[in-house]
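One structure is given below, encoded as structure tokens.
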Amino acid sequence: MKTGRIVKLISGVYQVDVEGVRFDTKPRGLFRKKKFSPIVGDIVDFEVQNQQEGYIHHVHDRENELKRPPVSNIDELVIVMSAVEPQFSTQLLDRFLVIAHSYHLEPRILITKRDLASSDEIEYIEDMLKIYEDIGYSTQFIGKKDDKIKIVEKWRKGLIVLSGQSGVGKTTFLNHYQPELNLETNDISKSLNRGKHTTRHVELYERSHGFIADTPGFSALDFDHIEKDDLKNYFVDIKESGQSCKFRNCNHIKEPKCNVKNQVEEGNIAQFRYDHYLQLFNEISNRKVRY
């Protein structure tokens, strides 16, 4: 019996890494009976059938799990946005941050394509990033010539996952970090302001202190697992200020003596962040029940 990490899943075959050696494995039938499927990132015990094949017998408990795309045991989630093509959006960034916090992941913000942005766009993005840094997020704003190896090596040890919408440069970033990967990339659709999905599955690539994962880009974000009363916990600044509200279950909308609304009025919470909270709260409140 060997123990390793699932680094790739294609057509029902789980590729497991054991100290640099890859095995193609399949899960035992007991997983189907339990309606449980291993995912990329899982630590598994498997029985070796021959030199390169085996059967998974046991999946170790997951420290955390991202549902879409499915990947587990993440040490740091890097939310990748681009300055332009597609255009930088604080609303989209906040939605990614909410998803990350809802799965108890620690997000880092990476903005790409600085070299393609105008001076006004660069100034605007830097001003926005200062707000996120004041909240407590680690941020980086990079261009084509920045040293990707130095950037990645400053990140946490373990499994790093790159996540973001299509076309922001996740795969290009990986190609610059490890040129030998030669991963496929695509141009941006000017009319849709987004890229095409060139990454079709989650795959982990080795780095000096663990793994880094490219993931399929998002065209839409799913908030079905989030209840409206929990949303305030996923906006870090709102959660902190909300502890001083008069009512413990305050949702910071129409409630009296709400410290969050006071902090927004005083400029201690960015108005755009509060607006994004309200928009998402209303979306979740008005969603239709699925049966």
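The values are calculated or read from the model by the stated rules, or taken from the named source; none is laboratory data. The shown structure was predicted, so the numbers you read here are calculated from the model rather than taken from an experiment. Neighbour counts are summed over all protein chains in view; Cβ atoms, including those assigned to glycine, are modelled from backbone coordinates with ideal geometry. Heavy atoms of the whole protein, side chains included, go into the accessibility calculation; ligands, DNA and RNA do not. Shrake-Rupley method; radii C 1.70, N 1.55, O 1.52, S 1.80 Å.
Taking each residue as 0.36 nm, the span from Thr3 to Lys33 lengthens on full extension beyond its C-alpha to C-alpha distance by 8.5 nm. For region 225-231, 3J(HN,Hα) computed residue by residue from phi via the Karplus equation (6.51, -1.76, 1.60; θ = phi - 60°) reads 8, 9, 8, 4, 6, 9, 4 Hz, glycine and proline entered as x. If you wrap the tightest convex hull around every Cα atom of the chain and split its volume per residue, you get 159 Å³.
Beyond 15 Å, the tail of the calculated P(r) for region 92-150 holds 55 percent of the Cα pairs. Note on Asn50 and Lys154: their simple-model spin labels are 4.8 nm apart, each label 7 Å out from Cα toward Cβ. Only protein atoms count toward the accessible area here, which uses a 1.4 Å probe; on the chain, the carbon and sulfur part of that area reaches 45 percent.
The solvent-accessible area of Ser119, taken with every protein chain present and a 1.4 Å probe, is close to 90 Å². Backbone phi angles across region 35-48, fed through the Karplus curve with coefficients 6.51, -1.76 and 1.60 (θ = phi - 60°), yield HN-Hα couplings of 6, 10, 10, x, 9, 4, x, 5, 8, 10, 9, 9, 8, 7 Hz in residue order; Gly and Pro are listed as x. Along its three principal directions, the equivalent ellipsoid of region 1-96 from the Cα gyration tensor extends over semi-axes of 32, 15, 12 Å, largest first.
Using the Cβ-Cβ distance between Ser244 and Ile122 with R0 set to 51 Å, the FRET efficiency from 1/(1 + (r/R0)^6) comes to roughly 0.90. Which pairs in the list Lys130/Lys232; Lys2/Lys34; Lys2/Lys35; Lys67/Lys150; Lys130/Lys170; Lys2/Lys170 are over 28 Å apart, alpha-carbon to alpha-carbon? Over 28 Å Cα-Cα: Lys67/Lys150; Lys2/Lys170. Return the FRET efficiency for the residue pair Leu278, Leu221: r is the Cβ-Cβ distance, R0 is 22 Å, and the value is rounded to the nearest 0.05. After rounding, the FRET efficiency stands at 0.85. Its relative contact order, with pairs defined as Cα atoms under 8 Å and 6+ residues apart, puts region 36-155 at 19 percent. Per residue, the chain exposes an accessible area of 54 Å² to a 1.4 Å probe, with every protein chain left in place. Rounded to the nearest 20 debye, the dipole magnitude of the chain is 1020 debye, with +1 charges on Lys and Arg beta carbons, -1 on Asp and Glu beta carbons, and the Cα centre as origin. Among the cysteines of the chain, Cys258 have no other cysteine beta carbon within less than 4.7 Å of their own. Between the listed residues Ser11, Phe281, His101, the Cα displaced farthest toward the positive end of the dipole of the chain, a dipole computed from Cβ unit charges relative to the Cα centre, is found at Ser11.
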